[in-house]
Amino acid sequence: MKPPGEEENQRLGTLLLNTLARERRLWKAPVLKNGCIQGSDISPPQYHDAIVWLREMSSLFQFSSETFALGVCVLNSLLAAVKTRLKYLRCMAITSLILAAKINEEDEVIASVKDLLEQSRCKFSTAEILRMERVILNKLHWDLYIATPMDFIHIVSHQKSYNPLMCLLQTLRPCLQASLWTRQVQHCMACHQLWQFKGSMLALAIITLELEKLTPDWFSVFTDLLTKAQMESSEFICCKEMVDEYLTGLQLSLHTNAVYILDASSMLAFRGHEEGDGDRKKGDRDMDDYYDGFWCFYDEDVSVKTADRRLQETQEQISSCPPLRPSSSQ
């Protein structure tokens, strides 16, 4: 009798080998030449903007992260196979996303091409999208089932025989792990410097960056995976370092979201400034009424009508926002 979980691991192992085979057969990436994608006038920043826009469209259409990743892979394969110009880039991008949705999404999720164009406010016509679909399908030989980094994220994160440390990750971050890796994959797919790495290597690099924070023995966990994927350890280390550098730089470039909290110590001064320094007692009553509006949510003895009345009185008495100060904790 097989141990619990062994049959599932064998199934995932077979899925991993099939996905790797698909990747070796279909994966293509654009090549930079003279500061632009070879065969086009598209620069890396312009490509980055197109991918960011495509992610916004994918979110607008309520497509899955797998659909977005496949759309980017289809676009990359097309850019590697044809000569094109910048003015066609967004048409190619949105069409690649629509084709990916036809593969990944349920029929009821996908709206008509006309409706999608109206939602996105694109200036392309339905006829232009349909013509671009035919171009993409012909150039890629009607085989768009390209393996994406998201495919490998899902396979590896569920395969317990390869990742005993993954159980530790799931214990520490049960809800954030998958969403964290998904966001990191989406950011990395917009970076032209990471074009040279296949999706399998990119996915493993992102996972190991998390495991590296937990144990120095992270590399032994993926030795078998690197062998099956025919990855050179030196290339994998290079990919991991580039991903780490890119994600770190991305975090540093983002604006810090300041967290503000109610400064109760200056509430009375605030009210005194609004109504006069001599009316201190009224300010105290205002303060009590202000907090009553919050306490009523937790006091089971207060009726709903009383709670509504207190909140209404609070809104009428406080004419502007109470004093806030930045939180010192980060």
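The values are calculated or read from the model by the stated rules, or taken from the named source; none is laboratory data. Everything quoted here is computed from the prediction, not taken from an experiment. Note that each Cβ is placed from the backbone with ideal geometry, even for glycine, and that neighbours are counted across all protein chains shown.
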If a residue counts only when it is of a type in the set (Asp, Glu), out of contact with any Ser or Thr (no Cβ under 7 Å at 6 or more places or on another chain) and modelled with pLDDT under 90, which helices (runs of 4 or more DSSP H) contained entirely in segment 1-100 have at least 2 such residues? 6-26
Against the conditions (1) of a type in the set (A, V, I, L, M, F, W, C); (2) modelled with pLDDT under 70; (3) buried (at least 18 other Cβ atoms within 10 Å of the Cβ), where does PHE236 fall short? Just the number, please. (2)
So, TRP53, is that one aromatic (Phe, Trp, Tyr), within 18 Å of MET201 (Cα to Cα) and surrounded by 13 or more Cβ atoms within 10 Å (Cβ to Cβ) or not? no
Residue under question is MET92, and the condition is that it be under 19 Å from the mean Cα position of the chain (by Cα) and touching a residue at least 24 places away in the same chain (Cβ under 8 Å); does it hold? no
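Table: residues versus (1) modelled with pLDDT of 75 or more; (2) of a type in the set (S, T, N, Q); (3) assigned to a helix (DSSP H, G or I).
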{"residue": "ARG183", "(1), (2), (3)": "yes, no, yes"}
{"residue": "TYR246", "(1), (2), (3)": "yes, no, yes"}
{"residue": "ALA258", "(1), (2), (3)": "no, no, no"}
{"residue": "SER265", "(1), (2), (3)": "no, yes, yes"}
{"residue": "ALA269", "(1), (2), (3)": "no, no, yes"}
Here the residues within segment 198-213 that are assigned to a loop (DSSP other than H, G, I, E, B) and over 20 Å from TYR145 (Cβ atoms) are GLU212, LYS213
Would you please list the contacts, defined by Cβ atoms under 7 Å and residues six or more apart or on different chains, that run from a residue in segment 45-70 that is among the basic types (Lys, Arg) to a residue that is assigned to a helix (DSSP H, G or I)? ARG55/PHE68; ARG55/GLN186
In this structure, is ILE136 part of a helix (DSSP H, G or I) and under 26 Å from LEU16 (Cα atoms)? no
